[in-house]
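The values are calculated or read from the model by the stated rules, or taken from the named source; none is laboratory data. Since we're looking at a predicted model, the values are computed, not measured. Glycine gets a Cβ as well: all are built from the backbone with ideal geometry, and neighbour counts include every protein chain shown. In case anyone asks, the SASA skips ligands and DNA or RNA and just uses the protein heavy atoms, side chains included. Shrake-Rupley method; radii C 1.70, N 1.55, O 1.52, S 1.80 Å.
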Amino acid sequence: MVFSSNIFLFFFLPIFLGIYYLMPFKYKSYAIVFGSYTFYAWWRPDFMLLFLAVTVWSHFWALKTVQYLDSNPKRAKYTLWISIIGNLSTLVYFKYANFGVDTFSNLIGLYGLEHISIEQIILPLGISFYIFQCISYNLDIYQKDATPAKKFIDFAAYISLFPQLIAGPILRYKNMQAQFEYRKHTWELFSLGASRFMIGFIMKVLIADQLAVYQTYTLTTDSMSFSESLVANSATFMQLYFDFAGYACMAIGLGLMMGFRFAENFDHPYMAQSTTEFWKRWHMTLSDFLKNYITKPFLKCGVGLYSAIFLTMFISGIWHGASFAFICFGIYFGITMIIERMTNSVTTVESPYSFISNMRTHLLVVYCMPLFWTSDIVHSLEIYTGMLGMNGFGNLDNLLTVCSIESFIIFIIGYIWVFSTGAMNKRYYLGKTENYQTKNLSNIQTVIIWGLFLLAITRLAANSFSPFLYFQF
Amino acid sequence: MMKKNAKPFPTLQSSPVWSGIAFVIMIAAIGIYSIFQFYGFLSSRNNALSLFFKGELMRAFEKKYDKDFVIRNPSIEKWGNLRFAITNEGRSGVVLGNDGWLFSNQEYFTPNAFESNNELIREFILKSSSKITQSGKKLIMVPVPMKNVIYDRYAQTPPAPLHYQLDDYLYAWLDKQGIDYVNLAESFDKHKQAQQLFLRTDTHWSPAGAKLAADELAKAMPNLIGSSTFESSSTEAEAFTGDLLSFVTMSDSIKAQHQYIDETLVQYQSYVANDGASLGSSLFDTKSIDTALVGTSYTAIDDWNFPGFVRQALSKDITVHAIEEKGPIESMSQYLNSEALNDADIEYVIWEFPIRSLLTEKSKFEHLLTL
């Protein structure tokens, strides 16, 4: 079940919100756990047990850590490591076992030894996200940034919170703890949440879903020409952005409907003027997590800045997927970020705007994407032959034949959307305006959003199922 | 990420309260409808609990819910109308023609690696021919011309120049390799005005096209002709919905205005003429079958009766090995890897091969190339 589906919007959500608001505050976490586990069970009921096991494991060791934190710091550290190793082992097993065995098997095959194989392991939905949140919980408790949840049900609700369960934003417990103890439920907050949800829904259904054909084209067309591959990969990246950012918007909106304020996950990444800045605008909660739990500890241990950046992005690549292509994806950004530091071309959201820097960054990101969506080095190289012009400049005839003029129009509309809203965003950061698009929605703006939302519902009905891309992380 | 004195993160701060109230009213109203739908769905399932634990129950409900969703069909039509009005397109997969003609977008695609793809396809044809010869049989190819080349007068977008040359490229190469084939391009071009050789709303040929192909096969390969007599009788003309019509989702009035509507199809059935019985039902027929027909949906689908017309044209029975939706390479690959290849009675293998298959991307067939 995904947010952009009839069944979620018109069956699950009204029933859940009905139960949630009928419950007195002290029982709302029970409603969240019940609703979230039902949401998760929609995919595979048997994997709920793993989910519960990880939750119990993390909370148990968090309590143990706190028990020894002041009296026996060494023991407290052991309990922390036990909890992290247990969680990471679970993640490694489900996400990387097949990749590891296949790689090892291919290696020994080179020496004439017999190949080994294991049965395909199903990747539980959202495992990377909830394991990361569990690790963040144990670390924050050890570092005394937070205290263990007073009630297990609150912790279970935090981990299972369905709006962010399968694709983030990654929520740090220290930022959520107080909200489980007290949060307001007002019509203003609910309306704000409804508007965020509707905007995300529009992004996902009206833009992202219509660009899915370009990903199929990229993955199934051999020897693409330069023009084809550039347009197809740009459109596929746009699909990824509207899909993921739209989902995050819906997740934040759903959180607001329940009185929670989640961390934002996107800040107009199309306006980035360096890859360093890109990762501060794209999947911001992941960047934040990696900075706090990977980069900073590396620096503390005396690892140099460039090495820390490289290792962080390497780990980011591995987190995204179990293949050498994803590792290269991480390394690619590690290298660009180091070069930016060396050449003094790191930018921030407040840096003055340069069209050339913006376009250069956009191209650097688009050129990395074949590694991301093929998750296969050899296939990526085939796409790169096209992107580097080795198959000729070509034309867009095949692309328009297969993907349709309609989707190309949506692609253009997508660019207008990202750069017009991005321009306002940039002006805001440069201090040229206090406003940015949709800061305080007027009645007219709300009517427009409603119009587009209803249009998106009809589009969804016409198109039926549309899968998210970040599910299997 | 953000410095302490940096500007606050620019995110939506407020929204009119009426919007939240309207949202609640909308989901509550449709939510009540949905609960009734779910109750009805559960009542119709005996093993709901076991299906739930397998993860199948809710997915089945979701599928049914989407299919029966009250605004689904009107939405499909309205979006179809909008798409057509702005871009003059149907759904991705179809290319709209004039006078109600529809074409598959496969026929408008020219692979960038056309030459190297064709090298691979030719290699496969040679290997197939070699394997068939080693089994004591002879290969005869029947390349089926492209619909949008034969009926380009109905195409709003003309095919690429290369597409007009595909038949000749293939024929020249087959001549060079000494592989027998039937030149359908010439006969289809000659008869296209007098008869409708392809269906207007379908990717396939019409019964008239299938019969012409069978007759041309017999003319080109007189040595294949046997001594039985087969006849074909027609049924009443019936409304026929071509496979391409499902990609045309406008409202009925717009479809009717542009003639993207059902066409009539007269179906045929072939039988042994001596006793008038249907095909394969003669218990006393002791002649062994010496010809096999390998093909795609042009052969497999009974609506155009290609195998029946081949029997009639060749005056003998044949065995048929055809699969739909997989293309000629997969159908031949399956035949060559089956027991049927070892049938010592078979002397001739006719391979029905749509020319548009030469425009297929390598990734779709390269896994089939090893024989």
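Some points to look at:
- Charge tally for B:S331 (other residues, Cβ to Cβ under 13 Å; Lys, Arg +1; Asp, Glu -1): -3.
- DSSP-defined antiparallel bridges as percent of all bridges, chain B, nearest 5: 45 percent
- Applying Stokes-Einstein at 4 °C and 1.567 mPa s to the Kirkwood radius of chain B, computed over alpha-carbon pairs, gives a translational diffusion coefficient of 53 µm² s⁻¹.
- When the other protein chains are added to the chain by itself, burial of at least 10 square angstrom of heavy-atom accessible area (probe 1.4 Å, ligands and nucleic acids ignored) affects these residues of segment A:387-423: A:N398, A:T401, A:V402, A:S404, A:I405, A:E406, A:I409.
- Rounded to whole numbers, the Karplus 3J(HN,Hα) couplings from phi for segment A:97-105 are 4, 4, 4, x, 5, 4, 5, 4, 4 Hz, using 6.51 cos²θ - 1.76 cosθ + 1.60 with θ = phi - 60°, and x at Gly and Pro.
- For segment B:103-183, the per residue solvent-accessible surface stands at 41 Å², with DNA, RNA and ligands left out and a 1.4 Å probe.
- Gyration tensor analysis over the Cα atoms of segment A:139-274 returns equivalent ellipsoid semi-axes of 36, 18, 12 Å (largest first, whole Å).
- D (Stokes-Einstein, µm²/s), Kirkwood Cα radius, chain A, 1.002 mPa s at 20 °C: 90 µm²/s
- q = 0.20, 0.25, 0.26 Å⁻¹, segment B:305-371: log10 I(q)/I(0) [Debye, one scatterer per Cα]: -0.94, -1.22, -1.27
- Heavy-atom accessible area for A:R360, with the other protein chains in place and a 1.4 Å probe, reaches approximately 100 Å².
- q = 0.05, 0.08, 0.10, 0.11 Å⁻¹, the protein assembly as shown: log10 I(q)/I(0) [Debye, one scatterer per Cα]: -0.36, -0.85, -1.20, -1.34
- Counting only Cα atoms, the size of segment A:229-327 along its three principal axes is 43, 43, 29 Å, in decreasing order.
- Cβ-derived FRET efficiency at R0 56 Å, B:S227 paired with B:Q259, nearest 0.05: 0.80
- Using distinct alpha-carbon pairs, which all enter the 1/r mean, Kirkwood radius of segment A:311-410 in Å: 15.7 Å
- The accessible surface of segment B:129-269, taken with every protein chain in place and a 1.4 Å probe, is 47 percent carbon and sulfur.
- Chain B: most fluctuating residue of B:Q269, B:Q165, B:Q196 per GNM, C-alpha cutoff 10 Å: B:Q165
- Segment A:129-283 - charge dipole about Cα centre, Lys and Arg +1 at Cβ, Asp and Glu -1, debye rounded to 20: 660 debye
- Here the Gaussian network model covers chain B, with springs between Cα atoms less than 10 Å apart; of B:D66, B:D189, B:D262, B:D66 fluctuates the most.
- P(r), alpha carbons of segment A:1-84 - 10 Å bins starting at zero, rounded %: 16, 30, 27, 19, 8, 1
- Long-range Cα-Cα pairs in segment B:208-254 (distance over 11 Å), rounded percent: 81 percent
- Entries of A:K95/A:K296; A:K64/A:K296; A:K204/B:K147; B:K190/B:K362; A:K74/A:K184 with Cα pairs more than 30 Å apart: A:K204/B:K147; B:K190/B:K362; A:K74/A:K184
- Excluding ligands, DNA and RNA, the accessible surface per residue across segment A:64-168 is 48 Å² with a 1.4 Å probe.
- Unit charges on C-beta of K, R, D, E only; dipole of the protein assembly as shown, Debye: 5200 debye
- Counting only Cα atoms, segment B:127-197 measures 46, 25, 15 Å along its principal axes, largest extent leading.
- Of all the options B:V142, B:V70, B:V17, the one that moves most in a Gaussian network model of chain B with Cα springs shorter than 10 angstrom is B:V17.
- Pairwise Cα separations in segment A:277-370 fall into 10 Å bins from 0 onward with the following percentages, short to long: 15, 48, 32, 5.
- Rounded to the nearest Hz, the phi-derived 3J(HN,Hα) couplings of segment A:253-259 under the Karplus curve 6.51 cos²θ - 1.76 cosθ + 1.60 (θ = phi - 60°) are x, 5, x, 4, 4, 9, x, where x marks glycine and proline.
- Computed on the Cα atoms alone, the convex hull of segment A:1-152 gives a volume of 147 cubic angstrom per residue.
- B/A buried area, accessible surface, summed, 1.4 Å probe, Å²: 6000 Å²
- Its residue count N fixes a reference of 2.2 N^0.38 Å for segment B:32-157, and the Cα radius of gyration divided by that reference is 1.80.
- Cα pair distances exceeding 26 angstrom across segment B:131-266, given as percent: 38 percent
- Considering only the protein assembly as shown, percent of DSSP beta bridges that pair antiparallel, nearest 5: 45 percent
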